[in-house]
Structures are given as C-alpha cells and as structure tokens.
Amino acid sequence: QMELVDSGGGLVQAGGSLRLSCAASGGTFYSSALAWFRQAPGKEREFVAIIGGSGGGARYSFFAEGRFTISRDNAKSAVYLQMSNLKPEDTAVYYCAARNGGFILTDWRDYPYWGRGTQVTVSS
C-alpha cells in the first residue's frame, strides 16, 4: 500500500512556472511507476507525464512535451512535475499516481494509488 501527498499548486499568470511535488510513503517506491494526471471541470482525467520505475524513462502527453518535466528522487520517495510556459488551458486539479511495476502506462485506470490533488490555476 502506498500513500501519496501532492502539493505545489497555485495561481500563476500565463507564461509562468510551477513545480508540483508528490511525497510517497509505503510500498516499493524505487520500482514503482509514477505519473501525473490532471482533471479540469467537466472533463475526463487525462495523462500528463510518467516516469518509469527502476530507472525507466519518461513519457509526456502531447501538451506537456517541451514544457513540463517529470523527475523522481528515490532517496526522498518523491516525484516532481516542473511546469513552465503555463497556459490558461493547463488549469486543472493535478494528481500524482503510482502503480507497482515500472511499466509505462498512460490510462488512469491502471493506477491504484493516488494523491488528493493540487489545484493549478493559470490566469490569462
């Protein structure tokens, strides 16, 4: 069982940056795949970025590519999402998620562990 606590959201102007953090406890962090998803009001939860377990690589959604960077610190059992050049359409609740095994999966239904979410609001 893994518990996740995500944080770092806030209000930022378009073009600005934010760094989201997610602290994990329990489970086998090193080998777990870690991901960020987001959900805007009235929309389905969507994949943002993932970093594989055991030194696996990263993958990004098309809207995150080139603007967002996912990273992990296994010593701290933490995962981060550095977001830059933010746009109003990035406004959403952002969730970190984890799953046992390091496979790169982008469907939120494949993730059993979730943070409570952190609100990101980008003003124009």
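The values are calculated or read from the model by the stated rules, or taken from the named source; none is laboratory data. Given the structure is predicted, the values throughout are model-derived calculations rather than measurements. All Cβ positions, even for glycine, are placed from backbone atoms using ideal geometry, and neighbour counts span all protein chains on display. Please note that ligands, DNA and RNA were not included when accessible areas were found on the heavy atoms of the full protein model with its side chains. Shrake-Rupley method; radii C 1.70, N 1.55, O 1.52, S 1.80 Å.
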Pick from the stretch 14-41, criterion among the hydroxyl-bearing types (Ser, Thr, Tyr), over 13 Å from Tyr113 (Cβ atoms) and open to solvent by 50 Å² or more (accessible area, probe 1.4 Å), ranking: farthest from the chain's Cα centre (by Cα):
Tyr30
Scanning the stretch 42-67 residue by residue, those of a type in the set (Ser, Thr, Tyr) and open to solvent by less than 60 Å² (accessible area, probe 1.4 Å) turn out to be Tyr60, Ser61
Residue count, the stretch 103-124, condition touching a Leu at 6+ places or on another chain (Cβ under 9 Å), loosely packed, with under 13 Cβ neighbours inside 10 Å and assigned to a loop (DSSP other than H, G, I, E, B), comes to 1
Residues of the stretch 1-53 satisfying the condition of being within 21 Å of Gly101 (Cβ to Cβ), assigned to a loop (DSSP other than H, G, I, E, B) and at pLDDT 95 or above
Arg45
Filter the stretch 58-111 for residues that are without any contact (Cβ under 8 Å) to a residue 24 or more places away in the chain and closer than 17 Å to Ser31 by Cα; the one that is nearest to the chain's Cα centre (by Cα) is Ser71
Within the bounds of the stretch 79-102, is there any residue that is at pLDDT 95 or above, open to solvent by 50 Å² or more (accessible area, probe 1.4 Å) and touching a Lys or Arg at 6+ places or on another chain (Cβ under 6 Å)?
yes
